[in-house]
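The values are calculated or read from the model by the stated rules, or taken from the named source; none is laboratory data. These numbers come from a predicted model, not from an experiment. Here the Cβ is made from the backbone with ideal geometry for all residues, glycine too, and neighbour counts use every protein chain on show.
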Amino acid sequence: MSLVPVAEDAKTKSYFKYYEQGIASPTPEQMEMVANCKQMEGVLEIEDRNKLLEPGTIPEKFGYYLTKDGGLLISSNIAMPDCTAEMLYWWWPWHGMEPLRYAIWNPEDHYDLQLNDVGRERALNPTLSNMEKLWGATHTVQESIGMGPDEIVIMFQNPKDMGFDVSKIGTEGCEFLICANALLGPMKMPVVMTEVAKKTNGVMTFQARFWVGYHIIDGEAKLLVPAAKVIPEAECDGIAKGLLAHNIKEFTNLNRILPQVYAEENGTW
């Protein structure tokens with residue numbers, strides 16, 4: 001695939017080299033896993049989302065699931081053995097500061113990112129931890145999950161406001177946690193995005209969960225659109241597989257570049 005277009009001055013940036021090198025290719029086994037996945041049972045309902053913060057793995061496998069009230073859960077577990085929670089907490093506010101930083105994460109699919117004023121102010125506030133800098137940030141991105149670029153609006157929140165047990169953050173079950181309400185594509189489909197990193201079988205694993213049709217409002221999960229009933233089954237299958245393949249690409253590549261990007265750019269905003 002070709003690389004996404006970037007600004008004329010991109011070549012002047014110290015991290016342009018990560019854009020030039022392209023993306024780490026998923027393995028054939030990973031892509032076969034996407035191709036063969038289908039709707040499964042054994043879903044983690046959104047009301048039970050704090051189970052994500054327990055040590056070890058959780059019941060649902062890589063794939064997608066129908067929730068009890070007609071929503072969808074898209075679930076991926078991707079090994080990121082070379083990354084730490086410290087790197088990940090720094091990466092999220094740092095990459096939101098300009099489109100090229102978003103592009104080096106996935107040079108084939110990340111077209112653009114715009115950051116709201118609150119997010120920029122918090123990212124530049126030296127009194128906040130890297131975890132706190134993301135709270136209140138809105139990333140309006142243009143990215144492709146296999147069907148050309150679509151707009152996704154990602155509204156990052158304090159995990160406490162999203163109903164998570166924040167006492168678990170920094171423990172064996174949750175070394176890293178970010179969460180957001182999002183709006184996906186031209187339909188503005190509501191999505192709750194939760195991303196947890198922790199060691200499973202001794203390996204740092206990135207566990208991304210997308211509850212499609214939901215937002216969390218005042219700490220409570222609300223089904224706003226019964227996605228599985230509104231979207232035809234074949235289209236649901238395509239969206240789920242596209243997002244799962246996209247996750248593999250971007251997090252495999254992030255595992256490759258983040259240790260070096262962090263070593264070179266940590267402390268610069």
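For Thr194, the test of being farther than 19 Å from Ile74 by Cβ and of a type in the set (Ser, Thr, Tyr) is failed. For Lys38, indicate whether it is closer than 30 Å to Gly163 by Cα and loosely packed, with under 12 Cβ neighbours inside 10 Å. Considered against the rule, which asks whether it is closer than 30 Å to Gly163 by Cα and loosely packed, with under 12 Cβ neighbours inside 10 Å, Lys38 comes out as yes.
Residues that are touching a strand residue (DSSP E or B) at 6+ places or on another chain (Cβ under 9 Å) and hydroxyl-bearing (Ser, Thr, Tyr) were ranked within segment 121-159; the one that is surrounded by the fewest Cβ atoms within 10 Å (Cβ to Cβ) is Thr140. Considering Glu132, Glu143, the condition of being modelled with pLDDT of 95 or more and over 14 Å from the mean Cα position of the chain (by Cα) is satisfied by Glu132 alone. Listed conditions (1) within 19 Å of Met80 (Cβ to Cβ); (2) in contact (Cβ under 8 Å) with a residue 40 or more places away in the chain are all met by His139, apart from (1). Across segment 41-59, the qualifying residues are those that are within 16 Å of Gly173 (Cα to Cα) and charged (D, E, K, R), and the one among them that is surrounded by the most Cβ atoms within 10 Å (Cβ to Cβ) is Arg49. Meeting the requirement of 3 or more residues that are crowded, with 19+ Cβ neighbours inside 10 Å and touching a Phe, Trp or Tyr at 6+ places or on another chain (Cβ under 7 Å), the strands (runs of 3 or more DSSP E) wholly within segment 160-269 are 176-184, 189-200. Return the residues of segment 4-35 that are surrounded by 15 or more Cβ atoms within 10 Å (Cβ to Cβ) and at pLDDT 95 or above; say none if nothing qualifies. Across segment 4-35, the qualifying residues are Val4, Val6, Ala10, Lys13, Tyr15, Phe16, Tyr18, Tyr19. Selection of helices (runs of 4 or more DSSP H) fully inside segment 41-134 by the criterion of at least 1 residues being of a type outside the set (Gly, Ala, Ser) and closer than 21 Å to Ala240 by Cα returns 99-105. Comparison of Asp117, Asp82 shows that the only residue that is surrounded by fewer than 19 Cβ atoms within 10 Å (Cβ to Cβ), on the phi < 0 side of the Ramachandran plot and in contact with a Pro (Cβ under 6 Å, 6 or more places away or on another chain) is Asp82. Take the residues in segment 194-234 that are touching a residue at least 12 places away in the same chain (Cβ under 8 Å) and basic (Lys, Arg), then tell me which one is farthest from Cys174 (Cα to Cα). Going through the qualifying residues, I end up with Lys229.
The one condition from (1) of a type outside the set (A, V, I, L, M); (2) touching a residue at least 60 places away in the same chain (Cβ under 8 Å); (3) in a strand (DSSP E or B); (4) farther than 24 Å from Ala79 by Cβ that Asp150 does not meet is (2). Restricting Glu220, Glu195, Glu233 to those that are closer than 12 Å to Ile46 by Cβ and among the acidic types (Asp, Glu) reduces the list to Glu220. The set of residues from segment 44-70 being at negative phi, within 19 Å of the chain's Cα centre (by Cα) and modelled with pLDDT of 90 or more comprises Leu44, Glu45, Ile46, Arg49, Asn50, Lys51, Leu52, Leu53, Tyr64, Tyr65.
The residues in segment 93-120 that are in contact with a strand residue (DSSP E or B) (Cβ under 6 Å, 6 or more places away or on another chain), under 23 Å from Ala263 (Cβ atoms) and among the aromatic types (Phe, Trp, Tyr) can be counted, and the count is 1.
Thr171 falls short on exactly one of the conditions (1) among the polar types (S, T, N, Q); (2) in contact (Cβ under 8 Å) with a residue 40 or more places away in the chain; (3) within 25 Å of Gln30 (Cα to Cα), and that condition is (3).
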